[in-house]
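What follows draws every value from the coordinates through simple rules; no lab data is involved. Please read these numbers as outputs of a predicted model, since none were measured by experiment. Counting neighbours? That spans all protein chains shown, and the Cβs are built from the backbone with ideal geometry, glycine included.
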Amino acid sequence: MAVLKLENVAKNFGAIEALRGVSLQIEKGEVIGLMGDNGAGKSTLVKIIAGNFRASAGRMFMQNREVAFHSPLDARRHGIEIVYQDLALCDNLTAAANVFLGRELTWRLGPVRINDYAAMNRRAAELFQELKSETRPRDLVRQMSGGQRQAVAIARTRLSNADIVLMDEPTAAISVRQVVEVLNLIRRLRDQGVAVVLISHRMPDVFGLADRVVVLRRGSIVADKPVAATSPQEVTGLITGAIEHA
Amino acid sequence: MHKPDSAPNHADLSQAINRQTNTRLTALFAEQATWVFLAALLSALVLGFATDTFATSQNLFNVTRNFAFVGLVALGMTVVIISGGIDLSVGSVVCLSAMVQAIVMNAGYGFFPAAVLALAAAALVGLVNGALIAWLRIPSFVVTLGMLSIARSLAMVLSDNRMIYEFGPDQALLFTLGGGATFGIAHPVIALALLGVATAFLLRWSQWGTHVFAIGANERAAVLTGIAVPWVKISVYVFSSLMAGVTGVLEAGWLGGVTTNLGQSMELAVIAAAVIGGANLLGGSGTVLGAIVGAALIEIIRNSLILLGISTFWQGAFVGFFIILAVAFDRLRALRSAQF
Ligand SMILES: Nc1ncnc2c1ncn2[C@@H]1O[C@H](COP(=O)(O)OP(=O)(O)OP(=O)(O)O)[C@@H](O)[C@H]1O
Ligand SMILES: [Mg+2]
């Protein structure tokens, strides 16, 4: 049974048709590589799934039940987490505080909620351990490498045991060594049964990691096939339009 | 071809995760408050040796009481600055709150009903500030600049621009609270210590404090993680106004009379204290201790000019110098950490 199913989803921004007739199924623990040229609609698609945008048309199902999200929090309650391209971290807080941001573990002192730092640090350390990332919960995010910052953003998605994690170009702005680290983090997520939608412009990311590749061109899906059944050459042709459809 | 995963073994990893990068000592010296404290201490020591008037108990009493008022308001300002905003209305709120206190007591009511009304007036100003900033998204600079004008004008309207110096049956209590001392420590200083500890505790330990820091550093991230950003912002401005309100009540008691120019241009000294103490006007950082030692440093400079017989016209130059020095210090540190 698909964890998420989209049926004929469309999105218009005024006169711009950013997405049209997008249908997609995501299975448990599957990694989908979402590719396409600039402006093809990739970010728009994941933002609809994550509740940032409402679709202009079409339907969305989770475990065969129709859903409609009004906000990112709403989507999160349904088990969908998104890792934003800029990671949405606060540099002046510790890794653990960032992981728990907005979901702090607290106890009550009269009208005031007091942070339970010990519990948050412990849980964050467990999450980093699961992700096999050498990230220290009590360190400030300001001092961290690109890979560690990704680990913090990804650990955030593990707090709620999300079923689906959406990642918008996680490897776009980091060094080669850190790309390896981030791809490993994504493998850990998949190993824990999480479905991952990975937006990337990099063929090696998608071909090294994804089970399926989905290609968007000018708002429509032009290919949706197992990685084993295609090649970087074919995908490049699909992205540019040299190959019409596959 | 490289090996894809050179993951360290389990024990090494958990050790690395549980190590902490900063020791307490390096953290202490990275803190601007520490340096400002040392500067204030050094000036005090030099003055103590250079003059025989500084280290007298009367002078120290006066110095501490004088900076307590700026320090109290700076507590609220620090929280506002951490959240990424600014509150220019605090000086006028000090005046409004003192005026409400004075008028109500002058009309024959007791200290406590008057204080409740004074603080309510202050809180209301903060609520309006916060609502306009959080919901209408008007920049805090503009909203509180407007409120600076409005709150002082209200104080003038309420008092008909008269000085009020008769405070009814509880006059003695008011004067004791604002002008008296316990164990040789001026009451405003005790208020500063208590409220300072409370503010530091809230910032360091409460969920609210974490959210204030988060909003100041990355407001979009705060929104996306589900923090109730507008409410936190409103609470921040109410908090700042309440600190100014408390200061107004105490200052009414200390001065023994309230005029409508009370707290005029106080916001500048308060912002200076917060910035000298390490609050970053771009938001996201600042400490209670920094604000208090910043206020202390400003007062010690003023006091030393008087004691050394130098024209107090120089005070502005020194305060300005320290503001720029404090920010330059912060820049240098940022540049250095960007290099390594
Ligand atoms: N908030 C918006 N308002 C109006 N138009 C938008 C908005 N967001 C996206 N668009 C438009 O929708 C189309 C798809 O944009 P989208 O950001 O989804 O592309 P993308 O595939 O993520 O591209 P990139 O690789 O550059 O990130 C573009 O034409 C873009 O200009
Ligand atoms: Mg995009």
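Overall size of the range A:113-246 from C-alpha positions, given as principal axis extents largest first: 57, 28, 25 Å.
Count the net charge of all other residues whose Cβ sits under 12 Å from the Cβ of B:Phe239, scoring Lys and Arg as +1 and Asp and Glu as -1.
0
The distance between label points at B:Ser149 and A:Leu105 comes to 5.2 nm (points 7 Å beyond Cα on the Cα→Cβ vector).
Divide the volume of the convex hull around the Cα atoms of the range B:202-309 by the residue count and you get 127 Å³ per residue. Considering only A:Leu109, B:Ser153, A:Gly21, and ranking their Cα positions along the charge dipole of the protein assembly as shown that arises from unit charges at the beta-carbon of Lys, Arg, Asp and Glu, the one farthest toward the positive end is A:Gly21.
Provide, as a two-decimal number, the C-alpha radius of gyration of chain A over 2.2 N^0.38 Å, N being how many residues it has. Show your work: numbers first, answer last.
Details: Rg = 18.5 Å, N = 246, 2.2 N^0.38 = 17.8 Å.
The reported ratio for this selection is 1.04.
What the Cβ-Cβ distance of A:Ala242 and B:Gln15 gives, at R0 = 45 Å and to the nearest 0.05, is a FRET efficiency of 0.30. The relative contact order of the range B:33-334 comes to 35 percent, based on Cα pairs under 8 Å that sit 6 or more residues apart. Annotation for the range A:175-246: GluC sites (Glu not before Pro) lying in DSSP loop with at most 12 further Cβ atoms inside 10 Å of their Cβ are A:Glu244.
Calculate how steeply helix A:117-130 sits against the longest principal axis of the alpha-carbon atoms of chain A, using the helix alpha-carbon long axis, and give the answer as 0 to 90 degrees to the nearest 10. That works out to roughly 40 degrees.
Measuring between their Cα centroids, the range A:38-63 and the range A:183-246 lie 17 Å from each other. Per residue, the convex hull around the alpha carbon atoms of the range A:1-78 comes to 88 Å³. For the protein assembly as shown, the spread of Cα coordinates along the three principal axes comes to 89, 49, 40 Å, biggest extent given first. Going toward the positive end of the dipole of the range A:1-78, with +1 on Lys and Arg Cβ and -1 on Asp and Glu Cβ, which of A:Leu4, A:Ala68, A:Leu34 do you reach last? Going by the Cα projections, it comes out as A:Ala68.
Would you mind telling me the antiparallel percentage of the DSSP bridges in the protein assembly as shown, rounded to 5?
On the way: 29 of 47 bridges.
Percentage antiparallel, nearest 5: 60.
Expressed per residue, the C-alpha convex hull volume of the range B:33-334 stands at 130 Å³. Of all lysines in the structure, those lying under 24 Å Cα to Cα from A:Lys225, and not within fewer than 8 positions of it along the same chain, are A:Lys5, A:Lys11, A:Lys28, A:Lys42, A:Lys47. Dividing the mean sequence gap of close Cα pairs (under 8 Å, 6+ apart) by how many residues the range B:80-135 holds gives a relative contact order of 31 percent.
When B:Lys233, A:Lys132 are ordered from fewest to most other Cβ atoms inside 10 Å of their Cβ, what list results? Mind dumping the intermediate values first?
Details: B:Lys233 27, A:Lys132 17.
Placing the least packed residue first, the sequence is A:Lys132, B:Lys233.
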